[in-house]
Structures are given as structure tokens and as C-alpha cells.
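This report concerns only the one structure given below.
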Ligand code: CFN
Ligand code: HCA
């Protein structure tokens, strides 16, 4: 490993020199050697992909509809646009749902779209959208309908917000209808879509919720934010919280319902799993209602333990702490038994992770537990703080880009300000050493000399693999078969292929087993990468 890390500097420089000068200048800033993990170097992130480069990124619509809003199962999500946009966001993310009864709504299995045609592009699609809303209401009687705009809708200028208002009136306000202007091209990646979704989620749902904690309601109330129940992760977390006596009020948005979101304001604490996608709502809830948020990471058994202890530290209650420690001891016993058996087979192997805006960081802990070394990693669309870990000043500024959303001015004096914790109390907790906000980034947790690449290109990925032959490469479906044709197994960290859950204790065990099977399979040696064949001609 040490030799690899020494070589990485020259590898980086070689890659950059292959690019035309202008491109090289841009890419150089996004490819950095993590020289001092305690004081990570600056990295360029959240900027436009150089046109012509093959990127891993998705679009703003994907971030808004697919990621943040999509998992809410009692909303009818209507995609206003050509059918492909809806089709390609139809269950591919493997966000699981589990209604509690037949009357508990679950619309996730449906794919709602206005299926815009050329005629609608020329003459406008608002009529078609309104008809779609009418039909969806008659067929499914949802309490909430959300509309998502795709690129062509933005280009022709359909006003989905006006359509939403008109339809609410037509349906006698029996259904809450609102729109998201999340056209794919609006931002440089999914990230802009997260922001747009957060603004709409806060304004149209959370703000309309309850603020009163009823007398008979249980204590230790938390919300789980930025947890989307991929492969059942949220179910495993629910299980752990239940064992510990921690009360989960709402999860945003895995297996989520508007009904639960309306109770979110009654929680004591917000746990933020994916900071990238939901930090805006977390900040707004802290500012508006005084509910503090902490970053947590349930990926990896040790991270899960840390998460649980962090929650205990916040509540500072012996009864809770004792119960949680008992759960930790029992669960870790089971985890360790499996880990000890697998560790000798995975120890010393190499991993690379290029995913999204949080998993490329969180999953490194699971590889650490297997004794595997992450030599290179990067996000698709994260921001500098996700890498460098610097504090972002809390702000309640609403993105002016999301049309029809005015600045929200919620003051602490307003009645709805969370009654149980004032800002002064929060400040006091913080002074007492309660780790309210943990602002470490990915680079803090990586070894010295590792190569960190933002928005990696296909070319850079190919070259990384050619030079360092990792034992496993972690990315998504677009990369999967390119990488496997090079003789390297690819683990999808988005949808877990068909596996999961990977969060929590049971998840860690699943992950250990799946990775062991991948890195231990001899079949990969049979696949020859192009450069291992005689006929391979290197492009200059
Ligand atoms: S579930 Fe999350 S954890 S929400 Fe985000 S940044 Fe995507 S859909 Mo794919 S797997 Fe990925 Fe993260 Fe947060 Fe998922 S790393 S790219 S937009 N993501
Ligand atoms: C998205 C969703 C995605 C894509 C996964 C992939 C997901 O960003 O549009 O590229 O394999 O997790 O489903 O990130």
C-alpha cells in the first residue's frame, strides 16, 4: 500500500497531462492527494462537468424526485415530462416500503407521468398535467400530490405551480398539491435537486405539521434524516432504535409518509445520515424550531456504536444509556463472530469508492472493519464541506431558484418555535462538550497519500484500475460492467446490487459476507482486461 500511495502523485500528474490544457487545468483542481488528513487540502467540487467528459453524475430532477421526495410512499409523485424521465426513476433505487395495513397508502409501485408528446411541447402541457392530477385523484384518492418538472417543461415554460393551485381549488382543497421546479438542467448535478426538494419539503409539509408533544407521547424522540431505506437500511435502524427504547418519530424519507412528517416537529433531536441531501431541512428545523441536528453514520458496526453513544450523550439519561449499552454488547458479539471469521480473507485487500455525496465516505468504515484499505475515493456531486469538513454557517435562506418559494422568515419568537429547547440551551449543551455538530469530512477519515477525485471521469476510472488493480471497485450501474470487463468486481453502493441492508449491525454482517464473496471469487482472474491482451492498442 505504501508504494501505491507514493506512486499516486505521479499517477495523478500523468492523467492530467493527457487532457487538453484547458480541461487539464479544470480537472487538476478536482484531483488531490490527501497529504494531511487532519488538515485536508482544498478540492474543487460542485462545479460543472467539462462537456465531453463521461461523468457518473445524474440530474437535478433525479436529486429532487428520485432521491429526496420519491421514497415518500403516500404522495402521488407525478412527473411532468416525457415518459423516459419517470420510467428511469421507477423503483431503480431500491428504496423499500412497508405499509402497516391495507389502508396505509403506498403508491411507490406506480409510475406516474404526463407522458408529454411533441404536441404538448408545441402547444403547452398544463392541460395534460391537470388531467393527470384529476385522474390520479379519482383513482387513488391521495392526500398529497407532488409534481416534478423535467427539462422540456422548463424550456417551454409550463407553470406547474399555477396548475397545482388551480387543481387544489377544483378539488375543494381535499388534496394538498404542490410542484417542484426541478428541471434536470437546473444545477450541475443531483445536488441542486436535493436543495429544491428540501425547500419544498419544509414549506409544503413540515411547516404544516404539529408542534405539540402530547402528554402520553414517549420520550427520546428522534427523526432520522437523509435515510432512504435502500435495500431495507431503514428497517434495520428501526429495529435497533426499538431495541434501545429510542423513539423514531419520522424518517425522511425512507418508507416515509406525510402523516409522519407532520409529527417531525415534535422530535427532540434530528439525526442526519446523509448530510449532503438533507442538510437544508435539518438547518431549517434547527433555526425554526430549535431542534438540534447531529451527523450520524450507521454504516459499519463501529460507526453504529458511535451513533448510539452520541444519541445517549445528547439525552444524558442513565436509563437510556444502560439499555443502549446492553444492546451494543449483544449486537457486537454477533457482529464480531462473523467479522473474525471473514477478516483473514479480506485483510490487506484494496478498495476504491466513487459514489454520490455521502456513501463514498461512510462505506470506508465497513472496509476498515474488514481490514481493507481504501486507496482512492471521491463523490459524484458532494460539496467541499463533505470532503474537507468545514462548518457551514446555518442559514435559512431559501434558494431563489425554486420558483414560488419566497424567503421563509421564521423567528425564534414565533409561537411555533419548538417549546422544549431554546437556542441558549443548545449553546449551553454545546459548551458542555455535547457534540452537536460533527463536521469531519471524507478526507479526515482517509489515509495520508490517498487520491481523492471529485466527479471522476470514465477515463480516470479506467486508468486507476489499470494501474492499481483494486480488489473491489464501488460505484453504480453505469460503471458496473465497464469495470467488470476489466476483471475487477464492482459493488454497487447505490442499490447494493440485490443485497442489503448494509446499515446497522445486521447490515455490517451482510456487507462483510457480500464483500468476502466478491473479493474471494477466483472467476475474476479469468477475465482479461484489454491491456492484458496482445491486440490492445493504447490510445495516445
Ligand atoms: S441513497 Fe443517498 S446517501 S441521498 Fe444521495 S448523497 Fe444518491 S441515490 Mo445513489 S446511492 Fe448515493 Fe448518497 Fe445521500 Fe443514493 S451516495 S448517489 S443523491 N445517494
Ligand atoms: C440517481 C440515483 C442513483 C443512481 C445509481 C447508479 C441511485 O442519482 O439518479 O448510478 O447506479 O442510487 O439510484 O444514484
Given the conditions (1) out of contact with any helix residue (DSSP H, G or I) (no Cβ under 6 Å at 6 or more places or on another chain); (2) at pLDDT below 95, and given that residue 96 satisfies all but one, which numbered condition is not satisfied? (2)
Report yes if some residue within segment 341-352 is within 16 Å of ligand 1 (Cβ to nearest atom) and under 26 Å from residue 446 (Cβ atoms); otherwise report no. yes
Among the residues of segment 502-509, are any touching a helix residue (DSSP H, G or I) at 6+ places or on another chain (Cβ under 6 Å), under 30 Å from residue 325 (Cβ atoms) and in a loop (DSSP other than H, G, I, E, B)? yes
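Residue by residue, here is whether (1) in contact (Cβ under 8 Å) with a residue 40 or more places away in the chain; (2) within 16 Å of ligand 1 (Cβ to nearest atom); (3) surrounded by fewer than 16 Cβ atoms within 10 Å (Cβ to Cβ); (4) under 30 Å from residue 241 (Cβ atoms) holds:
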position	(1), (2), (3), (4)
449	yes, no, no, no
476	yes, yes, no, yes
482	no, no, no, no
486	yes, no, no, no
494	yes, yes, no, yes
505	yes, no, no, yes
512	yes, no, no, yes
526	no, no, yes, no
Would you call residue 149 touching a residue at least 60 places away in the same chain (Cβ under 8 Å) and within 13 Å of residue 82 (Cα to Cα)? yes
Report, by residue number, each residue of segment 1-46 that is surrounded by 14 or more Cβ atoms within 10 Å (Cβ to Cβ) and either on the phi > 0 side of the Ramachandran plot or assigned to a loop (DSSP other than H, G, I, E, B) (or both). 19, 34, 37, 40, 41, 43, 44, 45, 46
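Out of the residues in segment 66-77 that are outside any helix (DSSP H, G or I) and more than 14 Å from residue 114 (Cα to Cα), state the one that is nearest to ligand 2 (Cβ to nearest atom). Quick ask: steps written out before the conclusion?
Just the residues of segment 66-77 that are outside any helix (DSSP H, G or I), to begin with: 70-77.
Remaining after also requiring more than 14 Å from residue 114 (Cα to Cα): 70-75.
Numbers: 70: 9, 71: 11, 72: 16, 73: 17, 74: 21, 75: 18 Å.
This residue is 70.
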From 122, 153, grab the single residue that is surrounded by 19 or more Cβ atoms within 10 Å (Cβ to Cβ) and out of contact with any helix residue (DSSP H, G or I) (no Cβ under 6 Å at 6 or more places or on another chain). 153
Between 441, 500, which is at pLDDT below 95 and either crowded, with 17+ Cβ neighbours inside 10 Å or over 20 Å from residue 362 (Cβ atoms) (or both)? 441
Select from segment 71-85 the residues that are surrounded by 24 or more Cβ atoms within 10 Å (Cβ to Cβ) and closer than 15 Å to residue 184 by Cβ and list them in ascending order. 79, 80, 81, 85
Helices (runs of 4 or more DSSP H) completely within segment 78-151 that count 3 or more residues being more than 16 Å from ligand 2 (Cβ to nearest atom) and closer than 22 Å to residue 66 by Cβ: 126-140
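Out of curiosity, is residue 63 in contact with a helix residue (DSSP H, G or I) (Cβ under 6 Å, 6 or more places away or on another chain), assigned to a loop (DSSP other than H, G, I, E, B) and within 16 Å of ligand 2 (Cβ to nearest atom)?
So residue 63 fails the test.
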Listed by range, helices (runs of 4 or more DSSP H) wholly within segment 297-397 having at least 1 residues that are modelled with pLDDT of 95 or more and more than 22 Å from residue 198 (Cβ to Cβ) are 301-315, 318-346, 359-369
Any hit, segment 95-103, residues being on the phi > 0 side of the Ramachandran plot and within 16 Å of ligand 1 (Cβ to nearest atom): no
Take residue 52 and tell me if it is surrounded by fewer than 22 Cβ atoms within 10 Å (Cβ to Cβ) and more than 14 Å from ligand 1 (Cβ to nearest atom). yes
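The values are calculated or read from the model by the stated rules, or taken from the named source; none is laboratory data. None of these values were measured; they are calculated from a predicted model. Methodologically, a virtual Cβ is constructed for each residue, glycine included, from the backbone with ideal geometry; neighbour enumeration extends over all protein chains shown.
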